[in-house]
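The values are calculated or read from the model by the stated rules, or taken from the named source; none is laboratory data. Being a predicted model, the structure only gives us computed values, none of them experimental. All Cβ positions, glycine included, derive from the backbone under ideal geometry; neighbour counts span all protein chains shown. The protein model used for the area step is the full one, side chains on, heavy atoms only, and it has no ligands, DNA or RNA in it. Shrake-Rupley method; radii C 1.70, N 1.55, O 1.52, S 1.80 Å.
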Amino acid sequence: MISNQILQNTIDGLKGITRTDLCVIDVEGKVLAATLSDAEQFIESAQVFAQSPADSQVVNGCQFFKVFDDHQLEYILLANGENEDVYMIGKIATFQIQNLLVAYKERFDKDNFIKNLLLDNLLLVDIYNRAKKLHIETEVRRVVFIVETNREKDGNDLEKIRSLFGGKSKDFVTAVDEKNIIVVKELGEHESYDDLNKTAEVIINLFRGDADSNVHIAYGTVVNELKDVSRSYKEARMALDVGKIFFEEKNVIAYSQLGIGRLIYQLPIPLCKMFIKEIFDGKSPDEFDEEMLTTINKFFENSLNVSETSRQLYIHRNTLVYRLDKLQKSTGLDLRVFEDAITFKIALMVVKYMRYMESLDY
């Protein structure tokens, strides 16, 4: 169904060209769009006209026209005036609105198809049959972006992103839940992952002026066949979640950049708890004080380099060694030893993952 705003924009544009007032009334007698202030006075006449067999009629100095959607009466269009010119303008407006109905129905059909494709609700044979009917190519490079605005999904956000990709009919913008907007983007032969990052930044820029918007974007890997689009979507969903856990500072995250976080995210919580208990004997590595955690993180950032870490922390080398010795006594792990450092780093990530999953349960 066409939105009232689209109908209003359409007749406003036509009035601007023709200087003729227009009004659109639905079959239930509700004024959906109008360029005249007293449109309600024509409701009764429009309802009577809707019951008549005529497709157009002059009533009370106005031209009335029926707008059909696949032989079903959808709207009554009113053009203010009785002469031939007004009749022609009314016919043009009727034609324009009927074309909009066809276009929006086609988009709705494609939107439904893409949603079912993303959610794996289609058999393989149905994918190819429906894609053929909807004139969607099956063997081109595509990738799925997920845009989370941290607001309840509204038409403005969806239309804002659609406007960005609106000129490209081969791209699809839709939503399968209340939180995220999904872009299925067709790629050129030479478009790379660097280009995908640039596209994500362009989307983010759409929301930079919104004070209450905190946009996160994730995208999957590039697929070459339509049937694999759902895989790219699942990867993008995982990237969005993993990014929130391990890459909080990033607004854009790619599935291919998740590293070990992707493996940890797929671990069952009981296994994670068992791992932490075995390594730390029931303690948790995130229970250290702020000073120790800062030291540990800076030590990892500098690839276990004692001299560089002490310099960046503005402490004496011996102070850093003392802290590392203290950590070794409490955990049994010496971060100056590569294997112990890896174990500790993974443990920190596992605890972070566990805390995130626990927060989702509340």
| message | Can you work out the Karplus-derived ³J(HN,Hα) for every residue in segment 346-354? Use 6.51 cos²θ - 1.76 cosθ + 1.60 with θ = phi - 60°, whole Hz, and x for glycine or proline. | response | 5, 4, 4, 5, 5, 5, 4, 4, 4
| task | First check a/c for the chain, with a ≥ b ≥ c the square roots of the eigenvalues of its C-alpha gyration tensor; if it is under 1.5, answer rounded, and if not, answer prolate when a/b is larger than b/c or oblate otherwise. | result | prolate
| Computed over segment 1-89, Cα set: Rg, Dmax in Å | 12.0, 31
| message | What distance in nm separates the two pseudo spin-label positions at E159 and M88, each 7 Å out from Cα along the beta-carbon direction? | response | 3.2
| Which trypsin sites (Lys or Arg not before Pro) in segment 1-79 pass both tests, a DSSP loop state and at most 14 other beta-carbon atoms within 10 Å? | R19, K30
| request: Might you report the magnitude of the Cβ-based charge dipole of the chain about its Cα centre, with Lys and Arg at +1 and Asp and Glu at -1, to the nearest 20 debye? | output: 1220
| Selection from T174, I204, G243 lying farthest towards where the dipole of segment 157-251 points positive, charges on Cβ | T174
| query | Hey, what angle do you get for helix 84-118 against the long axis of the chain, alpha-carbon based, 0 to 90 degrees rounded to 10? | reply | 30
| Extension reserve of the I204-E291 stretch, reckoned as 0.36 nm per residue once the Cα distance is removed | 27.8 nm
| field | Dipole magnitude (debye, nearest 20) for segment 44-156, charges at Cβ of Lys, Arg, Asp, Glu | value | 500
| query | Can you tell me the accessible area per residue over the chain, all protein chains present, probe 1.4 angstrom, in square angstrom? | reply | 55
| query | Computed from the mean reciprocal separation of all distinct C-alpha pairs, what Kirkwood hydrodynamic radius does segment 218-354 have, in Å? | reply | 16.7
| query | Expressed in nm to one decimal, what extension gain is obtained for the pair Q41 and T319 from 0.36 nm per residue of sequence separation less their Cα-Cα distance? | reply | 91.5 nm
| task | Kindly flag which residue pairs out of K133/K227; K115/K273; K326/K352; K185/K250; K185/K234; K179/K273 have an alpha-carbon separation exceeding 27 Å in this structure. | result | K115/K273; K179/K273
| request: State, as an integer percentage, the relative contact order of segment 1-67 based on alpha-carbon contacts under 8 Å between residues 6 or more apart. | output: 21
| task | Report the FRET efficiency, 1/(1 + (r/R0)^6), for D12 and S256, where r is their Cβ-Cβ distance and R0 is 45 Å, rounded to 0.05. | result | 0.45
| task | Express the relative contact order of segment 232-362 as a whole percentage, based on alpha carbon pairs under 8 Å and six or more residues apart in sequence. | result | 25
| Within the chain, longest stretch free of exposed GluC sites (Glu not before Pro) [DSSP loop, at most 15 other beta carbons within 10 Å] | 250-362
| field | Label-point separation, K277 to Q96 (7 Å along Cα→Cβ), nm | value | 7.1
| task | Just tell me which lysines come within less than 26 Å, Cα to Cα, of K30; anything on the same chain fewer than 8 places away is out. | result | K15, K66, K91, K105
| Mean separation of Cα contacts under 8 Å (6+ apart) over length of the chain, as relative contact order % | 10
| message | Need the full-extension length gain, I269 to Y193, defined as separation in residues times 0.36 nm minus the C-alpha distance. One decimal, nm. | response | 24.1 nm
| task | Roll a 1.4 angstrom probe over the protein heavy atoms and tell me the percent of accessible area of segment 218-335 that is carbon or sulfur. | result | 50
| note | Rounded to the nearest 0.05, FRET efficiency between F338 and N302 (Cβ-Cβ, R0 25 Å) equals 0.95
